[in-house]
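K.L.:
Sending over a structure as structure tokens; questions will come in a sec.
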Amino acid sequence: GLTEGIRKFAKMKPLPAASETDLFFCWDANRVDIGGKKLLIMTNSSNRLCAITRMAGFEWKKIAELAPQLMANAMATAGISDKEYHAYMQAAGDIVLTKTHGSKPLGGLAEIQNTLWPEDIDMTNKTQLFKMARYNTLMIGHCATRKDYGYPYEWFPDDLRTRRIVS
């Protein structure tokens, strides 16, 4: 799901409400301006696994095209193989842009964007792999589907196995 800020910035028509009932197949995204650098932050709505990339102005309308690679990059930080990524994408179905999935999933986005500083942004790489790895493996927190604290790099593979997408 896209925040209203992304929708307006990309000059998209109003988006439908999110209808997917399993948050594991949903990713929420926000546009963040950190010291003049425009970033797209995506988090899995179920377990807070995140993807972070710098964005150029023309790319904001192409989020649906960019999302699969960003999700693959995020999943790689959780040890997900290409085979598991493809099984997840097949189970998830087509990418559909909607409104965000509510306050709990958006809390993961807020946690990440509140800890980013301009000097944290790697200007030599578009995709912020180091930041993604740090947030997914070292940043303990809450997510929408669990009561206890934990790490996205543990939660995502657990969710993948729980749904029997992979064994």
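K.L.:
Tell me yes or no: at least one residue of the stretch 41-49 is touching a helix residue (DSSP H, G or I) at 6+ places or on another chain (Cβ under 6 Å) and open to solvent by 40 Å² or more (accessible area, probe 1.4 Å).
P.N.:
Checking the stretch 41-49: not a single residue is touching a helix residue (DSSP H, G or I) at 6+ places or on another chain (Cβ under 6 Å) and open to solvent by 40 Å² or more (accessible area, probe 1.4 Å).
K.L.:
When you look at residue 57, is it touching a Phe, Trp or Tyr at 6+ places or on another chain (Cβ under 8 Å) and open to solvent by 30 Å² or more (accessible area, probe 1.4 Å), yes or no?
P.N.:
no
K.L.:
Shifting gears a bit: So how many residues does the stretch 82-124 have that are out of contact with any helix residue (DSSP H, G or I) (no Cβ under 9 Å at 6 or more places or on another chain), polar (S, T, N, Q) and free of Cβ contacts under 8 Å to residues at least 60 places away in the same chain?
P.N.:
4
K.L.:
When you check residue 162 against the structure, is it hydroxyl-bearing (Ser, Thr, Tyr) and at pLDDT 90 or above, yes or no? Can you show your working first?
P.N.:
On the way: hydroxyl-bearing (Ser, Thr, Tyr): yes; at pLDDT 90 or above: yes.
For residue 162, the condition - hydroxyl-bearing (Ser, Thr, Tyr) and at pLDDT 90 or above - is met.
K.L.:
Moving on. Condition first: basic (Lys, Arg) and touching a strand residue (DSSP E or B) at 6+ places or on another chain (Cβ under 7 Å). Can you find one or more residues in the stretch 68-90 that meet it?
P.N.:
No, because not a single residue in the stretch 68-90 is basic (Lys, Arg) and touching a strand residue (DSSP E or B) at 6+ places or on another chain (Cβ under 7 Å).
K.L.:
Next question. Please state which one of 28, 22, 33 is acidic (Asp, Glu) and crowded, with 21+ Cβ neighbours inside 10 Å. Quick ask: steps written out before the conclusion?
P.N.:
On the way: 22 fails: crowded, with 21+ Cβ neighbours inside 10 Å; 33 fails: crowded, with 21+ Cβ neighbours inside 10 Å.
Residue meeting the stated conditions: 28.
K.L.:
Here is a follow-up. Considering each of 95, 112, 121, 80 in turn, give the residue that is modelled with pLDDT under 95, over 30 Å from residue 16 (Cα atoms) and not aromatic (Phe, Trp, Tyr).
P.N.:
Values: 95 fails: over 30 Å from residue 16 (Cα atoms); 112 fails: over 30 Å from residue 16 (Cα atoms); 80 fails: modelled with pLDDT under 95.
Only one candidate passes the filter, namely 121.
K.L.:
How many residues are of a type in the set (A, V, I, L, M, F, W, C) and closer than 22 Å to residue 161 by Cα when one looks only at the stretch 68-114? It would help to see each step written out before you state the result.
P.N.:
Let us first name the residues in the stretch 68-114 that are of a type in the set (A, V, I, L, M, F, W, C), namely 70-72, 74-76, 78, 80, 87, 89, 91-92, 95-97, 106, 109-110, 112.
Narrowing the set further to residues that are closer than 22 Å to residue 161 by Cα leaves 70-72, 74-76, 78, 80, 87, 89, 91-92, 95.
Result for the stretch 68-114: 13.
K.L.:
Regarding the stretch 66-73, can at least one residue be identified that is over 17 Å from residue 1 (Cβ atoms) and either surrounded by 13 or more Cβ atoms within 10 Å (Cβ to Cβ) or charged (D, E, K, R) (or both)? Please lay out each step first, then the result.
P.N.:
Of the residues in the stretch 66-73, the ones over 17 Å from residue 1 (Cβ atoms) are 69, 72-73.
Keeping just the survivors that are either surrounded by 13 or more Cβ atoms within 10 Å (Cβ to Cβ) or charged (D, E, K, R) (or both) gives 72-73.
Within the stretch 66-73, one or more residues are over 17 Å from residue 1 (Cβ atoms) and either surrounded by 13 or more Cβ atoms within 10 Å (Cβ to Cβ) or charged (D, E, K, R) (or both).
K.L.:
How many residues are over 23 Å from residue 76 (Cβ atoms) and either touching a strand residue (DSSP E or B) at 6+ places or on another chain (Cβ under 6 Å) or without any contact (Cβ under 8 Å) to a residue 12 or more places away in the chain (or both) when one looks only at the stretch 38-55? Give the steps one after another, and end with the answer.
P.N.:
As a first pass, look at the stretch 38-55 and keep what is over 23 Å from residue 76 (Cβ atoms): 38.
If we keep only those that are either touching a strand residue (DSSP E or B) at 6+ places or on another chain (Cβ under 6 Å) or without any contact (Cβ under 8 Å) to a residue 12 or more places away in the chain (or both) as well, we get none.
Of the residues in the stretch 38-55, 0 are over 23 Å from residue 76 (Cβ atoms) and either touching a strand residue (DSSP E or B) at 6+ places or on another chain (Cβ under 6 Å) or without any contact (Cβ under 8 Å) to a residue 12 or more places away in the chain (or both).
K.L.:
Still on this structure, I have one more. Among the residues of the stretch 128-144, which ones are open to solvent by 40 Å² or more (accessible area, probe 1.4 Å) and either touching a helix residue (DSSP H, G or I) at 6+ places or on another chain (Cβ under 6 Å) or assigned to a strand (DSSP E or B) (or both)?
P.N.:
Just the residues of the stretch 128-144 that are open to solvent by 40 Å² or more (accessible area, probe 1.4 Å), to begin with: 129-130, 134, 137-138, 140, 142.
If the condition is that a residue be open to solvent by 40 Å² or more (accessible area, probe 1.4 Å) and either touching a helix residue (DSSP H, G or I) at 6+ places or on another chain (Cβ under 6 Å) or assigned to a strand (DSSP E or B) (or both), then 137, 142 are the ones that fit.
The values are calculated or read from the model by the stated rules, or taken from the named source; none is laboratory data. Only a predicted model underlies this, so the values are computations on that prediction, with no experimental measurement involved. We place every Cβ from the backbone using ideal geometry, glycine too, and count neighbours over all the protein chains shown. Note: areas computed on protein heavy atoms with side chains; ligands, DNA, RNA excluded. Shrake-Rupley method; radii C 1.70, N 1.55, O 1.52, S 1.80 Å.
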